[in-house]
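Everything below concerns the one structure shown next.
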Amino acid sequence: MTTDAAEVARPGRSPLRGSRLVIVLACVALLSLVAGVAIAQLVVSPAELAARTKAPEAGPIFAPVEQRVIENRVTARADVGFADAVDVTIDTSGLTGPAVVTGHVPEAGAEVTAGGVALEVAGRPVLALPGALPAYRTLRAGLSGPDVLQLKAALAGLGIDPGDTASSSYDAATAAAVGELYRRAGYTPPSPSPDAAATLRSAQATERAAESGVAQARAALDRAASPAPAAAQLEAENGVRQAERALGDAVAAGESPSILDRLRDELALAAARRDAALAPGDTSAESAAVDAALEQLADAQRDRAEAETDALTALPAAEVVYLPTLPRRVDSVQAVRGEIVKGATMSVSGAALNLVGTLTEQDAALVKPGMPATYTGTDGTARPATVKSVTPKKPAEGEKATKSSELVLDPEAPAPDVAERLRGSNVRVDVPVQATAGAVLAVPVAALSAGPGGESRVELAVEHPEAPTTTEIVTVTTGLAAGGYAEVRSDDDRLVAGARVVVGR
C-alpha cells in the first residue's frame, strides 16, 4: 500500500479527499491516451507519404456533345453618342433692337421638335423647322427660291397647307400657313412694318374713293341717257296738239297765207320740242367721265393689292432655325436668359443613339451594312443594333495612313433614361458574320483530331454498365467553327447530344 493509500486508510482522514485524488489521476491518464493517439496520427512513414503524393494514373478528360447555335462574330469597341451633333446659331442681323434672350431656354436633355420653340429672343420665338438650308433672309410675299420650297415642305410636313408645294413663290397661301405655324406655337404672327401698314391703309382709302367716283359718273350717265320727265313730255305733246288746232282753225277761217305760214312754223317747233322730250340726251361727256373713273379704280385696286402683299405675314430670319432632321436632343446650352445672343446658342444632336467604332482591315471585310448586331454596356445588358456603315478611315493631315475602317451602328432606341446613361460610354459590339441555321450538334474544338487520310474524327466515350468506360474513334464531318466549338455530323448514331468525347488526357 502506497503512502497516499495509507493516508486514506488511516483513521481520522476524510473519505472525500481520497475520492478527489482518484478522479484526478483518472483524468490525467485519459488525456495521456488521447495525446498519444493524436501524435500517432501525425507520424507518417516515408513509404506511406510517397504513396499519398504519387500522381494518379493518366486518363481521358471528357466533355459533353452539345446541341447549340454556332456563330462566328466580329467583336469591337464603340463610343455611344447621339447622331449628327450641330451648333444652333441664329441670324439676329434683322432685329431692330438688342438680341436679348427673354424667355424659353431649353435644358440639356430636352427635345427640340419640328414647329417647336427652340429659344425666345427679344420676346419672339425661334421656331425649329427641318431643312438643310440656313435661314439667310426674311421670307415674304413676292419672293421665290429654294428656301421658299424648303419652308413649304416643312409646313406641309406639319400638316399646314402652304399652297402649291411645287411652286417656289411665297404667296398669300404661304403667308397664311406661316401665320398658322405661329399660332400653333402659341405666338402671334409677325406684324407688317409700320410703312407697309400705312401704305395699305392709304391704298384702301384711295380704292374706296375711286369706287365712289365710278358710282357718281355712272349716275350722271344714267341721268343724261334718260328722256325728259313725264310732265315735260306731256307738256311737249300738248304744245303739238295746240299748234295743230290753231293751224286748223286758221285754215277754216280763211286766214292769210302769212298767218298760216307762221302757224305751221309753230307746229313744227312744238313737234321738235316733243321729239326732244321723248328722245335720250347726248351722253358722250358722261360716258367719258365713267371711263376715267373706272381707270382710276383699276389703279387703286392694283395699289391696294400690292400693299396687301407687302403686309402679308412674313417669316423673319431671326425667328426660324433649320436643322437637318427633327426631333433633336439638346446636348448643351450656351444661351443665358437676360444676356445678348453671341455665337452658337446651343448644341443639339439627333434624338437617336449613334455607335461609332473602329474595325481592322480583316474584320471590315466581313462586316456589311444591314447586318444585325448587339452592343453591351457596363450594365451587362446586350441590346440590338444594325450595322449602318463601314467606311475606310482617311488619315488626318500629318497622320500615318492606316487600313482601319469606321464602324457606325444604328441601335434600337432604348428608354430615355437608359439612353442618357449610355451616352458617352464605350461599349462592346458583337456582329455575327456567319452562323449555323439553328442549333446543330457541336463538340469542343479540342475534341477534333485528324486521321491518317486527313479526315476529322473524335474519340467517343463508350459506356459499359458493369465495366470501365472505353473509347472509340468516330469519323465526323465538320462545319462552322467559332467560339471554341465546331459543328459535327456523323453516320454513327451514338454521336448525339449528351454523349461524351475526349478533349484531353
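For helix 257-278, what angle does its Cα long axis make with the longest principal axis of the chain, in degrees from 0 to 90 and rounded to 10?
10 degrees
Pull up all non-local amide H partners of T89: gap of 5 or more, or a different chain, and H-to-H distance under 5 Å with H placed in the peptide plane.
The list, which skips near neighbours in sequence, is T345.
Using alpha-carbon pairs under 8 Å, 6+ residues apart, how would you state the relative contact order of the stretch 116-176 in percent?
On the way: 69 pairs, mean separation 17.4, N = 61.
Relative CO of the stretch 116-176 lands at 29 percent.
Could you give the nm distance between label points at T96 and R302, where each point is 7 Å from its Cα heading toward the beta carbon?
3.0 nm
How far apart, in nm, are the 7 Å Cα→Cβ label points at T471 and E71?
Rounded to a tenth, the inter-label distance reads 3.2 nm.
Using alpha carbons only, how many degrees (0 to 90, rounded to 10) separate the axis of helix 230-253 from the longest principal axis of the chain?
20 degrees
Could you tell me the calculated FRET efficiency between A292 and A110, based on Cβ-Cβ distance and R0 = 60 angstrom, to the nearest 0.05?
Working: r = 64 Å, r/R0 = 1.07.
So the FRET efficiency works out to roughly 0.40.
Below 8 Å between Cα atoms, with a sequence gap of 6+, how large is the relative contact order for the stretch 122-273 in percent?
Values: 97 pairs, mean separation 20.7, N = 152.
Normalised by residue count, the contact order of the stretch 122-273 is 14 percent.
Using amide H atoms built 1.01 Å from N in the peptide plane, name the residues 5+ places from A435, or on other chains, whose amide H lies under 5 Å from its own.
Result for A435 returns N72.
Residue farthest toward the positive end of the dipole of the chain, with Cβ of Lys/Arg at +1 and Asp/Glu at -1: which of A486, V390, L409?
A486
Take the Cβ-Cβ distance between T402 and S168 as r, set R0 to 35 Å, and report the resulting FRET efficiency rounded to the nearest 0.05.
Efficiency for this residue pair is about 0.15.
Give me the number: length gained by fully extending R20 to A344, i.e. 0.36 nm times residue separation minus the C-alpha to C-alpha distance, one decimal in nm. Working shown, then result.
Details: separation 324, 0.36 × 324 = 116.64 nm, distance 10.11 nm.
Gain on extension, R20 to A344, equals 106.5 nm.
R0 = 60 Å: FRET efficiency of E361 with S191, Cβ-based, nearest 0.05?
Working: r = 62 Å, r/R0 = 1.04.
Between E361 and S191 the formula returns 0.45.
For the stretch 99-184, state which GluC sites (Glu not before Pro) are in a DSSP loop and have at most 13 other beta carbons lying within 10 Å of their beta carbon. Show your work: numbers first, answer last.
Details: sites: E107, E111, E120, E180; in loops: E107.
Hits after loop and neighbour filter: E107.
Mind checking the stretch 62-165 for trypsin sites (Lys or Arg not before Pro) that DSSP puts in a loop (not H, G, I, E or B) and that have at most 15 other Cβ atoms within 10 Å? Please list the in-between numbers first.
Working: sites: R68, R73, R77, R137, R140, K152; in loops: R137, R140.
For trypsin sites (Lys or Arg not before Pro) across the stretch 62-165 that sit outside H, G, I, E and B with at most 15 neighbouring Cβ atoms in 10 Å, the list reads R137.
By how many degrees, between 0 and 90 and to the nearest 10, does the Cα long axis of helix 15-42 differ from the longest principal axis of the chain?
Approximately 70 degrees, to the nearest 10.
Report the extension gain between A413 and R218 in nm, rounded to one decimal, defined as 0.36 nm multiplied by the number of residues separating them, less their alpha carbon distance. Let's see the in-between values first.
Working: separation 195, 0.36 × 195 = 70.20 nm, distance 7.40 nm.
That works out to 62.8 nm of additional length.
Quick check: residue separation of A230 and A276 times 0.36 nm, minus the Cα distance between them. What number comes out in nm? The partial results should precede the final answer.
On the way: separation 46, 0.36 × 46 = 16.56 nm, distance 1.25 nm.
Stretched fully, the A230-A276 segment lengthens by 15.3 nm.
All other residues with a Cβ under 12 Å from the Cβ of A210 taken together, and with Lys, Arg as +1 and Asp, Glu as -1, what is their net charge?
-2
Kindly give Rg over Rh for the chain, based on alpha-carbon atoms, with the Kirkwood expression for the hydrodynamic radius.
Details: Rg = 56.0 Å, Rh = 36.2 Å.
Rg divided by Rh gives 1.54.
Computed from the coordinates by the stated procedures, all read-outs in this text should not be read as laboratory data. Everything numeric in this text was worked out from a predicted model, so none of it was measured. All Cβ positions, glycine included, derive from the backbone under ideal geometry; neighbour counts span all protein chains shown.
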